[in-house]
Amino acid sequence: MTDRGTSTASGASIKEAAVAAFKAGLRGQLLRPGDDAYDGARKIWNGMFDRRPALIARCAGTADVVSAVNFARDQGLQVAVRGGGHSFPGHSVCNGGLIIDLSPMRGIRVDPAARTAQAQPGAKWIDFDHETQAFGLATTGGTASDTGIAGLTLGGGLGWLSSKHGLTVDNLLRLMWSPPTAAS
């Protein structure tokens, strides 16, 4: 294997060995320019933003997210986080950095007795509505089913049920992420 490296926005280079080690530790995919799925994975809903990240980590779970954050920190990379990819201002894509792509993480768990639902950060409102409506439940979501649940919620969230039930964030009980401990 050659040590050609990967170029970043600043013109710096990430050693091929570091990229290979990062990729080997992921359950999800690591995409680079030239890979078949790269162009589709870097595009977001707002086509005004045509940015080209050095790497895209398509995370399969929490361990992949932790690994991606650590890799970006260790390599000094700019990071963009993609949930549903609907970011109107283009925050979910960057030039020359690392996209931490959460879109493969779309699981929804509904507790009909507690009338609550837990959603992974890549879920879209179409996923959430499909699972909650099976139990006759709903919450304030976006007005477009293709919008990502994480970005809309953390951005406030105005939707069809807002006038009666408040913004999406008003219905958020807690974020389920906890930082790794020193023993991790």
Q: Once you have a ≥ b ≥ c as the square roots of the Cα gyration tensor eigenvalues for the stretch 80-184, tell me rounded if a/c is under 1.5, and otherwise prolate or oblate according to whether a/b is larger than b/c.
A: oblate
Q) Taking the Cβ of Leu152 as the center, what net charge do the other residues with Cβ under 13 Å away carry, scoring Lys and Arg +1 and Asp and Glu -1? A) -3
(Q) Give me, ordered by chain and number, the residues 5 or more places off Lys124 or on other chains with an amide H under 5 Å from its own placed amide H. (A) Ile149
Q: Sort the following peptides by mean Cβ neighbour count (other Cβ atoms within 10 Å, averaged over residues), highest first: 41-49, 158-166.
A: 41-49, 158-166
Q. Using modelled backbone amide H atoms (1.01 Å from N, in-plane), which distant-in-sequence or interchain residues come within less than 5 Å of Gln29's amide H?
A. Arg58
Q) How much of the DSSP beta bridge set in the stretch 1-146 is antiparallel, as a percent to the nearest 5? A) 55 percent
Q: Name the lysines eligible as straight-distance cross-link partners of Lys124: C-alpha to C-alpha under 17 Å, and not fewer than 8 places from it in the same chain.
A: Lys43
**Q.** the chain: calculated mean residue ellipticity at 222 nm from DSSP helix runs of at least 4, using -39500 (n - 2.57)
**A.** -7000 deg cm²/dmol
Q: Give the Rg (one decimal place) followed by the Dmax (whole number) of the chain, computed from C-alpha coordinates and expressed in Å.
A: 17.8, 60
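Bear in mind these aren't lab numbers, they're just calculated from the coordinates by the rules spelled out. As the structure is a prediction and not an experimental result, all values here were calculated from the model. No Cβ is skipped: glycine too gets one built from the backbone with ideal geometry, and neighbour counts run over all protein chains shown.
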